[in-house]
Structure formats: C-alpha cells, structure tokens
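Note sheet for the following structure.
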Amino acid sequence: MKKLLIISIINFCFHFTFALDPDTLQIRNSDLKILAFRLNQPINLDGKLKEIDWQNNNGYENFIQREPKEGELPTERTVIKVAYDDNAIYVGARLYDSSPDSIVARLSRRDKWVYSDHFTLYLDPFHDKRSGYFFTINAAGSLIDGVLFNDDWDDESWDGVWEGKVTQDSAGWSVEMRIPFSQMRFNKTDLNIWGINVRRSIARKNENDYLVFVPKNESGFVSHFADLVGMNDISPPWQAELLPYFTTRAEYIKPENGDPFNDGSNYLPGAGLDFKMGVGSNLTLNGTINPDFGQVEIDPAVINLTDVETFFPEKRPFFIEGATNFNFGRGGARSYWGFNWGNPDFFYSRRIGSVPQGSTPDADFVDYPSGTHIFGAAKLTGKFSGNWNFGTIQSLTKREYARIQIDGIENRVEVEPLAYYGVIRAQKEFDEGSQGLGFISTLALRNFKDNRLQDEFNKEALSLGVDGWTFLDSSRTWVLAGWTGMSSVNGNNQRMIDLQESSRHYFQRPDATHVSVDSTANSLTGYAGRFHINKQRGNLFINTAFGFVTPAFDVNDLGFFFRGDVINAHLGGGYNWTTPTDFYRELSLGAAIFRSYDFGGEVTSQGLFHFGDLEFLNYYIIDWNFAYYPETMNNTRTRGGPYSLNPSSYFANLFLRTDRRNDWVISMYGNTWQNGFSKFRSVGFRIEFRPTANISFSINPEYDWNLDYSQYIGTYNDPLATQTFSKRYVFGELDQKTYSSTIRLNWTFSPTLSLQLYVQPLISTGKYLRYKELEAARKYDFINYGEGNTTFDDENYIADPDGDGPAPEIDIGNNDFNFVSLRGNAVLRWEYLPGSVIFFVWTQSRADVEDNGNVKFGDSINKLVDLQPDNIIMVKFTYWFNM
C-alpha cells in the first residue's frame, strides 16, 4: 500500500510538472525603467502634491491587478512620481477613486497592519534582486516599514526614520513620502540603479494593484522589480544616530511575610545609550551601552507538562531589528515544510540577557534577579565585497547574584556567570541570487567565581553551520537548498553527565543500542543538517526534505532546538487553483507522507498529511488539515527510560474566517488529536470589532480539553521491575481542562500617538483519575495501581506495586492542580518627534495554584479577582539625534 501510494504521488508530480506548468499570466512591467528626477525646490511634506516639481514631471501609471482579478487592469487609476535631492528620495502618488467617500482610512499604531487603503513603496537599493526595504502608508497616515529578503519574504521588525503624509479630496487621496538616504544602505557607484515596485491596496474591493505585476504561480518578488534610474549624482551619506534613553520603574510586588528583601515596593531609575553609524557605504554598526532590554509586551502564561522548553519569540527592539541578517538555512526556497521536525535555530537571541539559570542553596528567603544585565552589545550588519551579506553580534553579560537569608543571616550567591556571546553570519549570492553559499558561527564563553555553577552550565559552546541553495533551471522552477552544521560544548564531568541525561538527549535509555552515558566526558560534539528539493513555480508545487540531528548535537547555549537523535524525511506536493470560478476565488490542496527514525533504526514517527485552503467568492475562507499516524515506537515518553509503543492516532483541524472588510470579523477554529486512549480537543473563536476608524477591539476565548492516558509522573528505582530495566515508570491518567482568552484594545489617536491594552486570563485544572506504571518496554500496556496485586492509598497517594510483596512503596504525591493567572499591560506610545518616543507602560500580573483538580469555574474567576496583583509601572523617554 505504501509503495503504491509513493508511486502514485511521483507519477502525479511528473505528469503535472510537464503537462500543466505553462503560464497563462506573464510578468508585466519588469523591464520598465522608472526615472527619478532631481528636485529644484524643497518639498513641503503635506500630502498635497502642490509643488511645481510634482506638476511638471511625468508619472507612471500602468498598474496591474493581482487580487481579486489577476492580470486585469485596476478598477481605479494610480499615478506615481519619484524625485530626489542630496539627502533623500521622495515619492508622490495620486490615488484616484471614483467613490472617495468609500475610501477606508483606519488609524493604527506604527507597524500595525489594519484593514485600510494602503500605498506601499518597495526599494532594492543594492539592486541585488533579493533584498530591500518597504515603506507603507495608509489612507489615515499610519506608517509601516520593514525589510525584504530571500526574494519572497519580508520582515517588519526594521524601523526606519522617515516621513509620509496623506490627504483626501473629491478625486481620491494622495501621498507624499520622504525617505532619507541615511536610512538605507546602497553601493557607491557612478551609475546608481535601484530596484523598485509599488502596490496600491483598495480595502473595500480587496484589490491589490502592482506597478510590476508578478503572477501568483510565479517564483520570486524582488527579482522582478523595475529599474529605478536617474540618481547618478548621489552618494551614500555618512550615517550617525544617537538614541539616549531614560527610564523610571516602580515595582509593587506582593511580599512574603518576613521577607527582608521585599517590602512591597521598589524604585529603579535607569539610563543608557543606543547608537547607529554607517561603516563605509554598505555596513551599519548598532551599539548599546547599559541597554534597556525590557519588553513592552509580556509573554503569555503557559502550562507546560512536557519535557521540552517553551519557545517565546523575541520582542526586544535591539535584537528584532535586522534579525533577518541572521536567518540560517532558509535561503533560496520560499517554503520549508516539516513534519515532526523541529528545525534547530543556531541563534536564539533570547539566550542573551535571559533569566539567570543557576540554583540557590535551600534558604528561608531568596531575592532572585529577574534578568541578566547586559554590559554592552554591538551589532554590525550589511553587505561587503559585492554580494556578501554580513551580520555579527558581540555582547557581554554581567555576573548575577541572588540574595538569600538563612536563619536570619543574609548572603549572596552567584546564579549566572559572567558570559560572552558572539555570533557571525555571512552569505554570498551568485548570479543575481541563482545560487547562494553562507556560514554561521556562534560562541558562548562563561567565567565562574562559584565552582558550584560549573556543574550547572557549559563552560564553552561553539557551533558552526554552512548553508546554501542553487536553482536547478533557468526559470527558477526547481530549487535545491540546505544546511549542515556541528556543535561542540565543554564543561566538567558532572555537567556533561547531566547534559547527556537531559530531555534533549536521554543517553541513559537502557534499551538504546546507539547511545550511552560517558561519565568521563568533558565535551559533547554533534552534527545536524537539512536538505530540500522544491518545485515552487507554477500551479503545481512539490516539497521534499531530508534532515538529521545526531544524538549529541546541542546548540542551546546560544540557539534553540527541541531534541537530538532524529532522522526525518517527507515527500509532499499539491496544486493551487488561482483562477476564480462560480464557487471560489482560490483553492489549494496538498498532501505529504513523512517518517522519522532515531539513530538506532527505530521508527519514531510516520504518517499521511492532507491540507486544504479555500477562499469563497464572498471572501470567507476555510482551512483544514488531517493527519493519520500509524503505530511507531516512542523514545521519550519514559523520559530516559526504555522504548514504549505509540498507538496509531489521527489529527484534524478546521479554521473559518469571515470577510475582513467588515467592521465585525469572526474566526472560528477547532482541532482534535486521538489515539484510542488519549484525546485532545480544542475549540475557540476570535471576534474583532472596529467601531470607529481608530479603535479596534478583539477577544479570543479558547477551551482545551486534554484527556492524557499516559502523562509522565516519575521514575523510581526497583530491582524487582525486571520488565522495565529495574525501574518503575509511573504515569497518570490526566483530565485537564484549560480556559483562556486573549483580549486586545488598540486605540490610535493619531499616527504618532496610540494606546494598547492587552489582557490574558487563564484557568487550567488537572485531575489525575488513575496512577499506573508501564508494564513492559516496547508496549503501551500499564499496571493500574489499586488493581490486582497492587494497592493505592487514595488519601496519601502512596502506591505499592505488589501489595504485601517485597517491592518498595512509591510516594507519588498529589499531582492535581488548579492554576489561575491574569496577565495584562497597557502601553501608551507617543512619537513626539520622528524617531523619538515616550512610553508609558503599566503591567499587572496575578497568579495562584492549588493542589485541587476540580473544575469550579466561578470560584476560579472569583479567586482571580481577589488575588493581590503585582504591578510594574514604567516610563521610558528616548530622543533621536541624527548627526
């Protein structure tokens, strides 16, 4: 059956590759040349286009629709003009509208997309046909910007200092933009040629019109830009920016009785300096002294009962700006599928300045630092020597101490060593992006004063990776992309033993023939890689991959990965129908087969996957996917113990959303995973309401029900447990119910003044219905405590595996829980001058947990209301100097 399925998929791919691939739509205007003219007088940026330079020069208006009627002429006329002076590039645009009273002009905070009429300018200053910038202004004057990379992708984390103004009249609306050359990097040449494209979005029609039209079944975006010519008498300016900051922070944290370190209030002033300067014409140096690396928006609360770390995205401006320079292993191809594959990240910036990880001795009271201070950090990004993309971050973090009190005596202990973190990333592109080759290297070094920490931290950690891609044909239909790398960590014997036995490795597995704990090791070295062959041009798409992570690979000192000991592959594909019919506007269907092994040859995951995306004529959408997982082996359920069986299971997911043009937008979703024993179900919906053009309110309640037949509890030594290698692996049948919601209010008073409110209530209860132990390795059979020869004390949670027999009792304890949490913050942001911002931030959190798994929703809500909250109030002032 499996062989027949594989043969059928290959035959399908082969047939459609050669029979259905001819394009019916061609790229339009890619050979267009846009002439920029030099200004003869200053522009008063007001969006009115009244200056003589705008009146006397020709514009460009041959736009083409991409949505909703691909390849047709736009329903409204758009004319753009491009000008420049010694310091900046200017764009003037006239966006005619036959129904000016229907223009959608919604205010939003900076870099926040809302459903509104938009005008977007795309620039490729290096003319490398793979990267660039975008600058967007909507009909209400709100600004969005970001960078373009990998030809198809964009990232909004970059923030430039530029200006844009709009005005509306009886003929439509108009735009003026001024973008300083100092905000962009470009080559110093006698003949300046940039890439350019423009998009106009008409919200009420769901229409997107492009100056350079790229069909949906085409590959690439930046590579098709028109040429922007005429700016031959400009040079990249020397760039120098200073951004000093001042903060005041008041913390009101509820103290424990008698806590000598916390009287309920704490006041923390702060100051520092960020700077940015050009290095030559192509590189930018960002630096920070005594940085403020606090997050404006808090992380959500989570309940994690697994053995893997929760991934939280980076939110600190210094690290998210320019983060695309450090992307590794994802160039060339535009889609990277993965099925039961956790792709390792060689660089995870949240490792720098994270919460200290060291332990403290048993103490009556502990004052533990909430973060690791960073002495300083520097970042150099840009291009050099032609098409080399380059990025490096160098940082030094402080040695951190916790204050403790034992029997009335105060002391302090080291909980985070002095540390250096460095990353270097470089990549060279060839033949206008047809090929690429790059590398990344990270290094973490730690210096200990307290030898106790040498058992808890790696002393040194090095990683090195090489990545690249090549298109296999001139039309860039097929692409081969991939990466490979190594890691090496060093530490003392105890640290290496703990690392080998950690959840990322589990070398102590008793029936694993390919790994074992080396108690004499002072280092651990591993390797990993991932390779893709994709067809990404045309309606038919194919996505294949093979990857591996050896058991000893570990990049978690400065990166992020879930687990080693994986060999994974998939073969998938599908078809996009982009021509509207009487039933839908767009339809996409796809499927894949996948399988994973460990390095001992055991199949740890396999399955069939199907997905579909459908957009109806009324712009409602429905997405679905389904997966079936046949029986396999599990090498992690016992958390370092023997293999157990994975019963066959299935997963299904459904998502629906209404038309985004409406003031009320509703999304609904649900999913389930079941294996005949365990069941997980989740349902939720999201309502977004836009009562006015400057207010948006959304609420996203969700309910999760998890009936886990085999939730791990613990491992207990017993030489009589011969079927499980002299240990008893205890599990519980967990009935967990989680109620949560995300509530947001965005109130924008002007393009430079906005208020954000965020609230996340969460209630999670877990009740264990039964405790049991694994009966034998490589099975999914259990011995229920309290049945047969076993006994179980329900009051004291003590199990006896053989009743009156010689086996020792197991004190399981009460694992039931009732967790309640309420987190929220309010952020008032005022950009009082371009690049200069004042933040007013209020953060509140309250949480409590009890060993009671009963669901009492009303009682939990009352508890959330009655809990004493922790409050943090912060004011941050920044001022931007452009030297």
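Considering only Asn818, Tyr619, Leu774, and ranking their Cα positions along the charge dipole of the chain that arises from unit charges at the beta-carbon of Lys, Arg, Asp and Glu, the one farthest toward the positive end is Tyr619. If you take all other residues with their beta carbon under 14 Å from the beta carbon of Asn87, and give Lys and Arg +1 and Asp and Glu -1, the sum is -2. Bridgeable lysines around Lys81 (alpha carbons under 21 Å apart, same-chain partners fewer than 8 residues away excluded): Lys33, Lys48, Lys50, Lys165.
Ordering 552-562, 501-511 by mean Cβ neighbour count within 10 Å, with the highest value first, yields 552-562, 501-511. Contact order for segment 748-826, expressed relative to its length and based on alpha carbon pairs under 8 Å spaced 6+ residues apart, stands at 37 percent. Remark: segment 365-463 carries 45 Å² of accessible area per residue (probe radius 1.4 Å; ligands, DNA and RNA excluded). Given +1 at the Cβ of Lys and Arg, -1 at the Cβ of Asp and Glu and no other charges, the dipole of segment 357-506 around its Cα centre is 560 debye to the nearest 20. Partner lysines whose Cα lies under 23 Å from the Cα of Lys856, excluding those fewer than 8 positions away in the same chain, are identified as Lys679, Lys737, Lys767.
Which angle between 0 and 90 degrees, to the nearest 10, do you get for helix 2-19 versus the longest principal axis of the chain when only C-alpha atoms count? Between the helix axis and the principal axis of the chain, the angle is about 0 degrees. Counting only protein heavy atoms and a 1.4 Å probe, tell me what percentage of the chain's accessible area is made up of carbon and sulfur. Carbon plus sulfur share of accessible area: 55 percent.
Rounded, prolate or oblate, given the Cα gyration tensor of segment 198-249, with a/c below 1.5 counting as rounded? Cα axes put segment 198-249 in the oblate bin. Rolling a 1.4 Å probe over the protein heavy atoms gives segment 95-161 an accessible area of 27 Å² per residue. The coefficient of translational diffusion for the chain, derived via Stokes-Einstein from the alpha carbon Kirkwood radius under 4 °C and 1.567 mPa s, stands at 43 µm²/s.
Highest average first, the peptides 129-137, 234-242 ordered by how many other beta carbon atoms sit within 10 Å of their residues are 129-137, 234-242.
For segment 700-751, what is the per residue volume of the convex hull drawn over the alpha-carbon atoms, in cubic angstrom?
122 Å³
Size descriptors for segment 228-274: radius of gyration and Dmax over Cα atoms are 24.0, 73 Å.
Charges were assigned to the Cβ only: +1 to each Lys and Arg, -1 to each Asp and Glu. The resulting dipole of the chain about its Cα centre is roughly 2320 debye. Around the Cα centre of segment 499-616, unit charges on the Cβ atoms of Lys, Arg, Asp and Glu (plus for the first two, minus for the last two) sum to a dipole of about 340 debye.
Taking the charge dipole of the chain about its Cα centre, with +1 at Lys and Arg Cβ atoms and -1 at Asp and Glu Cβ atoms, the residue from Tyr797, Leu833, Leu35 reaching farthest to the positive side is Leu35.
Answer rounded, prolate or oblate for segment 216-318, using the Cα gyration tensor with square roots of eigenvalues a ≥ b ≥ c: rounded when a/c is under 1.5, else prolate when a/b is larger than b/c, else oblate. It would help to have the intermediate numbers written out before the result.
Values: a/c = 4.24, a/b = 1.69, b/c = 2.51.
It comes out oblate by the Cα gyration axes.
A crude spin-label estimate for the pair Ile289 and Ser698, with each label 7 Å from Cα along the Cβ direction, gives 4.0 nm. For segment 317-457, the alpha-carbon coordinates run over 70, 36, 26 Å along the three principal axes, in decreasing order.
With the contact rule set at Cα under 8 Å and sequence spacing of 6 or more, what percent relative contact order holds for segment 741-793? For segment 741-793, the relative contact order is 21 percent. The relative contact order of the chain comes to 9 percent, based on Cα pairs under 8 Å that sit 6 or more residues apart. Selection among Asn490, Phe439, Phe507 by position relative to the dipole of segment 429-563 gives Phe507 as farthest towards the positive end (Cβ unit charges, Cα centre). Across segment 427-576, the convex hull enclosing all Cα atoms gives 126 Å³ per residue. Within the same chain, aspartates and glutamates fewer than 8 places from Lys112 are excluded, and of the rest, those with a Cα less than 18 Å from its Cα are Asp145, Asp154, Asp155, Glu156, Asp159, Glu163, Glu297, Glu314, Glu321, Asp663, Glu688, Glu831. Note on segment 264-359: Cα-Cα pairs beyond 18 Å make up 67% of the total pair count. The Cα atoms of segment 105-221 define a convex hull whose projected area, averaged across directions, is 8.2 nm².
For segment 776-883, the convex hull spanned by the alpha carbon atoms encloses 253 Å³ per residue.
For every other residue with a beta carbon closer than 13 angstrom to the beta carbon of His570, add +1 if it is Lys or Arg and -1 if Asp or Glu, then tell me the sum.
Result for the neighbourhood of His570: +2.
Packing, as the average of other Cβ atoms within 10 Å across residues, places the peptides 75-84, 253-262 in the order 75-84, 253-262, highest first.
Oblate is the label for segment 26-109, because the ratio a/c of its alpha-carbon gyration tensor axes (a ≥ b ≥ c) is 1.5 or higher and a/b is not greater than b/c.
One-quarter of the Cα convex hull surface for segment 399-473, in nm²? The partial results should precede the final answer.
Values: hull surface 29.0 nm².
Result: a mean projected hull area of 7.3 nm².
Taking a probe of 1.4 Å, how large is the accessible area per residue of segment 663-749, in Å²? Display every interim value, and only then the final one.
Numbers: 4070 Å² over 87 residues.
Per residue, segment 663-749 has 47 Å² of solvent-accessible surface.
The modelled label-to-label distance between Leu769 and Ser102, using points 7 Å beyond Cα along the C-beta direction, is 5.6 nm.
The values are calculated or read from the model by the stated rules, or taken from the named source; none is laboratory data. What you are looking at is a predicted structure, and each value in this text was computed from that prediction instead of being measured. Please note: Cβ atoms are built from the backbone with ideal geometry, for glycine as well, and neighbour counts cover all protein chains shown. In case anyone asks, the SASA skips ligands and DNA or RNA and just uses the protein heavy atoms, side chains included. Shrake-Rupley method; radii C 1.70, N 1.55, O 1.52, S 1.80 Å.
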